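In what follows, a single structure is set out as structure tokens and then discussed.
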Amino acid sequence: MSAPGRPQVLYLTTVDRQTGTAGLSRETRIVVGVLARDFDLSLAIAGPIDHQGLQQLRDHFSSVRAAGGFPASSADQPAAVGLRGLAKAWLGTDIVNARLQAAIERRAEGFDVVVIDELLATPYLPARQDCPVYYLAHRCESQAQLGNWWQWLKQREQRALAHCEKGVLQSVSAVFAKPEVAGELLAQGLPLSQLNPSFGQFRPEIALGEPTNWGDTHQRVGYAGYLGDDRNLASLEWLLREVWTPGQRTLAETELHLVGTAPPSPLRELAAANNNVYLHSGGRQQLRHLGCRAVIEPLMFEQHVDTKLVNAMSHGLPVITTQEGVRRAHAELGEGVLATAGPEQMSMTVHQLMNDESLWRLHAGAAIRTAALQLADFEVAHDLRRAVLRVSEEGVSR
């Protein structure tokens, strides 16, 4: 166990040669982005990646150390039989890079947690682990659909792969997966006890909403969040002081509804200074009940901005934020988020969405599509994040 401070996480993954950006798949970038906010990640990447790709990852995720792309050597060995067909199809080679293995082993004792996020990364697991090992299953490899790369693997190799995958799943401390993937793993014999206890228990307040019709909304913009968080409050105070109060000529016909429990007195006073600002207790579902036409997330000071924006998009409404917030995001947000350059542009954007149905439809549709693609991945990433935090807290208590 490392010294007290930010937990040290060894993150084992592979290059995504098919659809990856900066060498990693969309799902992996989501998880790395979530974990990098709270932990120091050492990212070990199997497969072909060059120095430029590694540097892009270091620049994009400021607290990440990235290693990979080592040249071949005489110490390299073939992957286990069950992984060879998959490795050739996915990485272009079935050779395990000995230099990457050695680089991992040199630092193995300094990690608090090991995360394996691809089955093909398992050969790089340190020989000795005195810490929890978590497996993040983006898919059940042995049940991958026919007609894709699986058609190139022979039946014998398929059985060997299934045996290898099952052995890995049963050997780790816990498995994290989206519900549909977890169901396939359970069908393959994974014990329920190996799944993280909160598997499938997605917070009901973060469920994907039904598509919203323009006619069901009013000239109202909403915010839902935890009002006991200092960063959330600072962003809301900025919104009221810098955007809402100065922009009253533009926003006179628009209501701002802030939803959260126990608003502190400074926020209540700021809200009371405006005739069209309302405070509500309750959960995020209140925004739909109130008939809000858009969601606003200033994100001037918060962390985990990706998660907040994806959660906001899950309402199926356009989301308005700041360019400052978007600059700290790692996720692919598309047109589901409108990023404004300053207070005046933010008030004008709110006004446009309140009155332009075609613009509203464009960004509401983009929001629900983007959230549907990413919401479950963010939930799994935060499930894993909470598990790593528990390990860190237990280590400090000892």
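The values are calculated or read from the model by the stated rules, or taken from the named source; none is laboratory data. Every value quoted in this text rests on a predicted model; they were computed, and no experiment measured them. Quick reminder, even Gly has a Cβ in these numbers, built from the backbone with ideal geometry, and neighbours come from all protein chains shown. Protein only, heavy atoms only, side chains kept; ligands, DNA and RNA dropped before computing areas. Shrake-Rupley method; radii C 1.70, N 1.55, O 1.52, S 1.80 Å.
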Listed residues D112, D76, D16, most fluctuating in the chain (Gaussian network, C-alpha, under 10 Å): D76
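Can you give the FRET efficiency for Y226 and A341, using 1/(1 + (r/R0)^6), R0 = 30 Å, r = Cβ-Cβ distance, to the nearest 0.05? Don't skip to the end; give the middle numbers.
On the way: r = 27 Å, r/R0 = 0.90.
Computed FRET efficiency for Y226 and A341 comes out at 0.65.
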Shape of region 49-91, Cα gyration tensor, a/c cut at 1.5: prolate
Spacing of the two label points (7 Å from each Cα toward its C-beta) at R58 and A75, in nm: 2.2 nm
Inter-label distance, nm, simple model (7 Å from Cα along the C-beta direction), S281/R159: 6.3 nm
Full-extension gain in nm, A98 to D216, via 0.36 nm per residue minus C-alpha separation: 36.5 nm
Highest-fluctuation residue, S42, S314, S173 considered, GNM on the chain with Cα pairs under 10 Å: S173
Whole-Å semi-axes of the ellipsoid equivalent to region 261-304 (Cα gyration tensor, √5λ, descending): 18, 17, 12
Degrees, to the nearest 10: 155-171 long Cα axis against longest axis of the chain: 70 degrees
Cα-centred dipole magnitude for the chain, charges only on beta-carbon of K, R (+1) and D, E (-1), debye, nearest 20: 680 debye
Listed residues L54, L317, L91: farthest to the positive end of the dipole of the chain (Cβ charges): L91
Shape call, region 201-301: gyration tensor on alpha carbons, a/c limit 1.5: oblate
Per residue accessible area of the chain, 1.4 Å probe, in Å²: 45 Å²
Approximate spin-label separation A272-A372, in nm, with each point projected 7 Å along Cα-to-Cβ: 4.5 nm
Cα-based Rg / Dmax (Å) for the chain: 23.3, 74
Apportionment of accessible area to carbon and sulfur, the chain, percent (1.4 Å): 49 percent
Gain on full stretching of the segment that runs from A262 to R327 - 0.36 nm per residue minus C-alpha separation: 20.4 nm
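With viscosity set to 1.002 mPa s at 20 °C, what whole-number translational diffusion coefficient in µm²/s follows for region 339-384 from Stokes-Einstein and a Kirkwood radius over Cα pairs? Please report the intermediate quantities before stating the final value.
Working: Rh = 12.5 Å.
Diffusion coefficient, whole number: 171 µm²/s.
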Unit charges at the beta carbon, dipole of the chain: most positive-side option, V259, Y11, Q352: Y11
Lys/Arg +1, Asp/Glu -1 at C-beta; region 269-340 dipole; positive extreme among T307, V277, L287: L287
